Structure formats: C-alpha cells, structure tokens
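Chemist: Quick one: the structure is below, questions incoming.
The values are calculated or read from the model by the stated rules, or taken from the named source; none is laboratory data. Remember, it's a predicted structure, so these values are computed and weren't measured experimentally. No Cβ is skipped: glycine too gets one built from the backbone with ideal geometry, and neighbour counts run over all protein chains shown.
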Amino acid sequence: MKTSLRDALASRYAVPPAAIREVPGGVANRAYAVGDNLFLRIPRSKPFEQDLLKEAAVIPVARAAGVRTPAVVDFDTTRTLVDTPYMVLERVHGTDLVDTATPSPAFWQEVGSQLALLHRVDQPPAGVEPDDGGGDPHPTVDKLATEGYLDSGTANWLHDCFDRLAAHVPQDQPHVLLHGDLAQQNLMAHGNQLLALIDWGDAAWGPPGMEFAKLPLEQVAATLRGYNGQEGLEAAALWFHLSWGLSNLTKGPQPGQRYWTAPPASRLLGVLRFYASSPPPPWAGLIKKARN
C-alpha cells in the first residue's frame, strides 16, 4: 500500500498509519488489518468489484437472519481514496481453519445451525443470482470416458450412482441463500468456538446441497447434525462432491493453494477417504445398489 493511501485511510479511520497492516492470503481482495477493530478489503482487479458489491448486499441480510458474520462499517464506492469500491468490516479476532487443528464435532454442528439460519432467508438479496451448480453430470462422465480418463465400467457405475443419489433428493426442493464458499479459509474460529462465517463474494441462490461441496465429507457429516434435518441433504452433498470432482479431474496441478479442493483429484480422493472410514447412516447406503 502506498504511503499516501495509508495516511489517508489512517486519517479516515482514526488509527496510526503503522496500525494498517496487510494480511496475506486473499484471492479476490487485498486485505488489511486497520488497528485492532477494523478490517479493510480492496478488490485486486475490476472483475472482483462485483463480488464486493454482492457482499455489501448479502452481509446485512445474513446478519438479520442471525448468522455470525462481521458487520459492514463502511462501504465506499466514491473512488476518491482508491480507484475501486472498498469495504471496511468489523475485525474478527480469530484464525481460519486452513493451518489449524480440526475442531471438535460440536464446532461443525454450530456451523450447521448457522447455515440453517441462512437457508431460511426467503428471497435472494440484490446481485445474488440463481446457480444450479453446473447441472447434469452425465455428459461429464461420458466425456471423461471418451477421452480416456475413465474406463467404461467405472463410467457406467458413475451413471448409476448419480441416478441413485438423485432419487434420494426431493425434486421440488426450493433454492436457498447460499454462502457459496463454505470452506476452511472462510470459517473463523477461536479454539473450538465458531466466531464467524466470512467472505460472501460467492453467495448464490441455489440448491441447499451445493452449500456442502467445499468441506471434506467428514466435516459435512458433522455439520449436518446441527442443521436440524432436511430430507436428502447427504445425497445432495455427495452428488456435488462427485460431480465437481469429476469436472476438475482434467485440470493441471495446482501447487501452493490454501484450499483443499484446488488439486484436481482432491474431491474424489476425499470421497474415497470418507467411505473408507465406515461412515454412519445414511451415508453408507446412498450409493449401494438395491439387492433383487
């Protein structure tokens, strides 16, 4: 950050210039701690400006629903200090989960209860678009088989698997307000306490099962215990893990990323790891063929 901008922001938010410190790691935004109580986010490029505008609309709605997320203190679209909109939020004094020990099951149940509050919002905020998560996975399976990534037997098994999972999900399931990037880097914690869900730039209006596609299935299973039940969510979550995992299979290596789903095989191997751990009902029976 240039000295002139740092000084202007320090004056505006009544902190010493030295108290504005960059926080590394953001993909869409450059992030800065502003003193002890504020957190500044500046889009890295023009395409990310729309995500910040979306966040400005979603955060008040999520907070009104009872979701734990930092309040917007200032949202400046004047471009007088910075040639882009920027947002100042309440600062959360915690850490994300990327490089920390996995919290207890009670933590994930609290995440589930927070998502249940969010998913009760009855209409999408401004700028939040419908998203079905990519649609029918069957063409992806056929393409992978044709190109030699899958053998025909595995492709046929996957076709059957997606059909069986779809049969567990109610066809009239309404869309809900999704956080859209529910992952370890966006869950702020202090020990086993959930402090906040952050980063709403991927919020969408979509099927509830899509919300659980970016957490490992072990954490999804624990989270759904706090969600207060909804028919078919386990099947829907597994459907998205398989569908998105297959879609990513032809990507090249993704070294140095903080999120676990970046490497192309991670989701599919995550499903394998989960099922090798003898998961509890109803997970074990979701992809088994019924015996005649």
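Chemist: Condition test on residue 57, is it of a type in the set (A, V, I, L, M, F, W, C) and either loosely packed, with under 15 Cβ neighbours inside 10 Å or farther than 22 Å from residue 190 by Cα (or both)?
Modeler: Details: of a type in the set (A, V, I, L, M, F, W, C): yes; either loosely packed, with under 15 Cβ neighbours inside 10 Å or farther than 22 Å from residue 190 by Cα (or both): yes.
When the stated conditions are applied, residue 57 passes them.
Chemist: Also, quick follow-up: Tell me yes or no: at least one residue of the range 69-78 is outside any strand (DSSP E or B), at pLDDT 95 or above and surrounded by 18 or more Cβ atoms within 10 Å (Cβ to Cβ). Step through it out loud before you land on a result.
Modeler: Going through the range 69-78, the residues outside any strand (DSSP E or B) turn out to be 69-71, 77-78.
Next, from what is left, pick out any that are at pLDDT 95 or above: 69-71, 77-78.
With the extra rule that they be surrounded by 18 or more Cβ atoms within 10 Å (Cβ to Cβ), the set shrinks to 69-70.
Yes: one or more hits.
Chemist: Let me ask another. Which ones in the range 214-265 are under 16 Å from the mean Cα position of the chain (by Cα), polar (S, T, N, Q) and in a loop (DSSP other than H, G, I, E, B)?
Modeler: 257, 261
Chemist: A further question on this structure: Among what's in the range 210-241 and is in contact with a Pro (Cβ under 7 Å, 6 or more places away or on another chain) and of a type outside the set (Asp, Glu), pick the residue that is nearest to residue 264 (Cα to Cα).
Modeler: Our first condition is that a residue be in contact with a Pro (Cβ under 7 Å, 6 or more places away or on another chain); within the range 210-241, this holds for 221-222, 230-234, 236.
If we keep only those that are of a type outside the set (Asp, Glu) as well, we get 221-222, 230, 232-233, 236.
Numbers: 221: 22, 222: 25, 230: 30, 232: 27, 233: 24, 236: 21 Å.
Restricting to residues being in contact with a Pro (Cβ under 7 Å, 6 or more places away or on another chain) and of a type outside the set (Asp, Glu), the top hit is 236.
Chemist: Okay, moving on. Of all residues in the range 252-264, which are touching a residue at least 12 places away in the same chain (Cβ under 8 Å) and surrounded by 13 or more Cβ atoms within 10 Å (Cβ to Cβ)? Working first, answer last.
Modeler: Pass one, the range 252-264, residues touching a residue at least 12 places away in the same chain (Cβ under 8 Å): 252, 258-261, 264.
Hits for the range 252-264 are 258, 259, 260, 261, 264.
Chemist: Further question on the same structure: What's the number of the condition residue 97 fails, among (1) closer than 27 Å to residue 256 by Cβ; (2) without any contact (Cβ under 8 Å) to a residue 40 or more places away in the chain; (3) part of a loop (DSSP other than H, G, I, E, B)?
Modeler: It fails just one condition, (2).
Chemist: Which of the residues that make up the range 79-93 are surrounded by 17 or more Cβ atoms within 10 Å (Cβ to Cβ) and either under 19 Å from residue 36 (Cα atoms) or free of Cβ contacts under 8 Å to residues at least 40 places away in the same chain (or both)?
Modeler: Once the filter is applied, which keeps residues that are surrounded by 17 or more Cβ atoms within 10 Å (Cβ to Cβ) and either under 19 Å from residue 36 (Cα atoms) or free of Cβ contacts under 8 Å to residues at least 40 places away in the same chain (or both), the range 79-93 yields 86, 87, 88, 89, 91, 92.
Chemist: Return a yes/no flag: does the range 129-150 have any residue that is in contact with a helix residue (DSSP H, G or I) (Cβ under 6 Å, 6 or more places away or on another chain) and without any contact (Cβ under 8 Å) to a residue 24 or more places away in the chain.
Modeler: yes
Chemist: Quick one: count up the residues across the range 174-198 that are free of Cβ contacts under 8 Å to residues at least 40 places away in the same chain and under 22 Å from residue 91 (Cβ atoms).
Modeler: Summing the residues that are free of Cβ contacts under 8 Å to residues at least 40 places away in the same chain and under 22 Å from residue 91 (Cβ atoms) in the range 174-198 gives 1.
Chemist: Let me ask something else. Counting only residues that are in a helix (DSSP H, G or I) and more than 23 Å from the chain's Cα centre (by Cα), which one in the range 266-285 is surrounded by the fewest Cβ atoms within 10 Å (Cβ to Cβ)? Break it down stepwise before answering.
Modeler: As a first pass, look at the range 266-285 and keep what is in a helix (DSSP H, G or I): 266-276, 283-285.
Checking which are more than 23 Å from the chain's Cα centre (by Cα) leaves us with 276, 284-285.
Values: 276: 8, 284: 11, 285: 13.
Taking the candidates together, the pick is 276.
Chemist: Please verify whether residue 42 is among the hydrophobic types (A, V, I, L, M, F, W, C), under 17 Å from the mean Cα position of the chain (by Cα) and not assigned by TED's automatic domain parsing to the domain that holds residue 200, treating the condition exactly as stated. Please lay out each step first, then the result.
Modeler: Details: among the hydrophobic types (A, V, I, L, M, F, W, C): yes; under 17 Å from the mean Cα position of the chain (by Cα): no; not assigned by TED's automatic domain parsing to the domain that holds residue 200: yes.
Spelling it out, it is not the case that residue 42 is among the hydrophobic types (A, V, I, L, M, F, W, C), under 17 Å from the mean Cα position of the chain (by Cα) and not assigned by TED's automatic domain parsing to the domain that holds residue 200.
Chemist: Test residue 81 against the criterion of being assigned to a helix (DSSP H, G or I) and either under 25 Å from residue 257 (Cβ atoms) or not assigned by TED's automatic domain parsing to the domain that holds residue 120 (or both), and give yes or no. Steps first, please.
Modeler: Numbers: assigned to a helix (DSSP H, G or I): no; either under 25 Å from residue 257 (Cβ atoms) or not assigned by TED's automatic domain parsing to the domain that holds residue 120 (or both): yes.
Criteria not met by residue 81.
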